[in-house]
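Structure record follows, encoded as structure tokens.
Laboratory data are not the source of any read-out in this text; all were calculated from the coordinates shown. Being a predicted model, the structure only gives us computed values, none of them experimental. Quick reminder, even Gly has a Cβ in these numbers, built from the backbone with ideal geometry, and neighbours come from all protein chains shown.
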Amino acid sequence: MRTQVAIVGGGPAGLLLSHLLHRQGIASVVLESRDRGYVERRQRAGMLEQNTTDVLRGSGAGARLDREGLVHHGIELRFDGTGHRIPITDLTGRTVTIYAQTEIVKDLVALRLADGGDVRFEAEVLALDPSTGTVTFRQDGATHELHADYIAGCDGFHGVSRAAVPDVRTFSRDYPFAWLGILADVAPSTDELIYAHHERGFALHSLRSPSVSRLYLQVATDADLADWSDQRIWDELATRFGTPDGWQLKPGPITDRSVTPMRSFVAEPMRHDRLFLAGDAAHIVPPTGAKGLNLAVSDVTILARALTERYTSGTSALLDAYSATCLSRVWRAEHFSYWMTTLLHADPGADAFDRRVQRAHLEYVASSPAAATSLAENYAGLPLE
Ligand SMILES: Cc1cc2nc3c(=O)[nH]c(=O)nc-3n(C[C@H](O)[C@H](O)[C@H](O)COP(=O)(O)OP(=O)(O)OC[C@H]3O[C@@H](n4cnc5c(N)ncnc54)[C@H](O)[C@@H]3O)c2cc1C
């Protein structure tokens, strides 16, 4: 079996890369270990930077996003029971859009299949060889080999691609807390996302649609979902979002729940020989800054351009620059995600001095247009160029 680009992993990074390459006449095969239903239902990101919506629209994958995406112009920071709006669009000229990762994946799978794309579900990659471009995978109980000019490792944090980069250098930070996330069939109690700092821990009120809310609570790293009844979750959310002005959090039926560890991680370099890492395979961020999916999209946009240059003009300058180009953007997002995380969470190891410094930082961001602009331009996403 032969193709031009073998893509390991059919998450947002792998599917979008396959779609972008197809638009340039470049063939690819996507190998995804899970079944289609699992990939389309996995609840994760939902906040899209303007770069991400621009890429989806520009590539013809934005029709449903345009109909159903909710364009936002600001976020609220809430502490001491008081809200402070960060007017993102006023400060940066850019917007962000709420549109769930599940929907992006559904749109991309449907597009690839409609375009005759080769997307193989339940095809698990066992090994890959960056020097020959050979990918070994198992499908229907048999082992196969796929030979390609290039391999894109888009197989997420737990995939096999990263280990194929010899002498890979990794940088990481584990945080002393986790997120308990819920999806609830209830209209959001807010028009814009609320990032709440409370002495009992951070809480985020996000949303997925006019009738579905997405909420998160900072919990201990060893939190057990069995200890979190629906009532306890809603009570804790109400406490952390509480304001003296009568604002009410509307509870509703919880349809999905999970606990996610908080970690920062970067692998360098993002290329070895014919193998290019993209998305969570190369880096992850704590979700506070909403950057993970957006970074995955920027990586594959940069990679698709570089491969297009290689196949159309024969030059490999962009491919050669791929790792450095991506890493500079990745480290910016790593810093911002770390910054937002430490600004807003209650660190169980913090002493009185740390808490006072954190409070001063919150007050500065809430009161200084310069500080708010810095938050806003990172949150909305720096331009891709
Ligand atoms: C709770 C939570 C909230 C988040 N919120 C946001 C947000 O608001 N904004 C944001 O930008 N990001 C957010 N993120 C991060 C975002 O979801 C990820 O960064 C994104 O999924 C990365 O996409 P990816 O395609 O690189 O990796 P993945 O989505 O992990 O996809 C990798 C794929 O590879 C497959 N795979 C793995 N191993 C193999 C193998 N050996 N063979 C074949 N296939 C394989 C996997 O099954 C998977 O489908 C959030 C994450 C979490 C957990």
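Which pairs turn up if I take residues in the range 276-295 that are closer than 22 Å to residue 54 by Cβ and free of Cβ contacts under 8 Å to residues at least 60 places away in the same chain and look for partners that are near the ligand (Cβ under 6 Å from one of its atoms) and of a type in the set (Gly, Ala, Ser) with beta carbon separation below 6 Å, at least 6 apart in sequence or on another chain?
285/292
So which helices (runs of 4 or more DSSP H) are wholly in the range 30-131 and hold at least 2 residues that are away from the ligand (no atom under 16 Å from the Cβ), of a type in the set (S, T, N, Q) and over 26 Å from residue 271 (Cα atoms)?
It comes to 88-92.
Give me the pairs: first residue in the range 242-254 and without any contact (Cβ under 8 Å) to a residue 40 or more places away in the chain and at positive phi, second residue surrounded by 10 or more Cβ atoms within 10 Å (Cβ to Cβ) and of a type in the set (Ser, Thr, Tyr), beta-carbon distance under 9 Å, and six or more apart or on different chains, which are they?
Qualifying pairs under 9 Å: none.
Please tell me if residue 341 is closer than 26 Å to residue 74 by Cβ, within 16 Å of the ligand (Cβ to nearest atom) and in contact with a Pro (Cβ under 6 Å, 6 or more places away or on another chain).
yes
Would you please name the residue that is surrounded by the most Cβ atoms within 10 Å (Cβ to Cβ), looking only at residues in the range 1-23 that are more than 19 Å from residue 60 (Cα to Cα) and near the ligand (Cβ under 8 Å from one of its atoms)?
If we take residues in the range 1-23 being more than 19 Å from residue 60 (Cα to Cα) and near the ligand (Cβ under 8 Å from one of its atoms), then 8 is surrounded by the most Cβ atoms within 10 Å (Cβ to Cβ).
For the range 217-226, what are the residues that are in a strand (DSSP E or B) and in contact (Cβ under 8 Å) with a residue 60 or more places away in the chain?
218
Inspect the range 157-171 for any residue being near the ligand (Cβ under 10 Å from one of its atoms) and either at positive phi or assigned to a strand (DSSP E or B) (or both) and give the result as yes or no.
Taking every residue of the range 157-171 in turn, none turns out to be near the ligand (Cβ under 10 Å from one of its atoms) and either at positive phi or assigned to a strand (DSSP E or B) (or both).
Inside the range 24-65, can you point out the residues that are more than 30 Å from residue 89 (Cα to Cα), among the hydrophobic types (A, V, I, L, M, F, W, C) and crowded, with 21+ Cβ neighbours inside 10 Å?
Result: 26, 29, 30, 31, 39.
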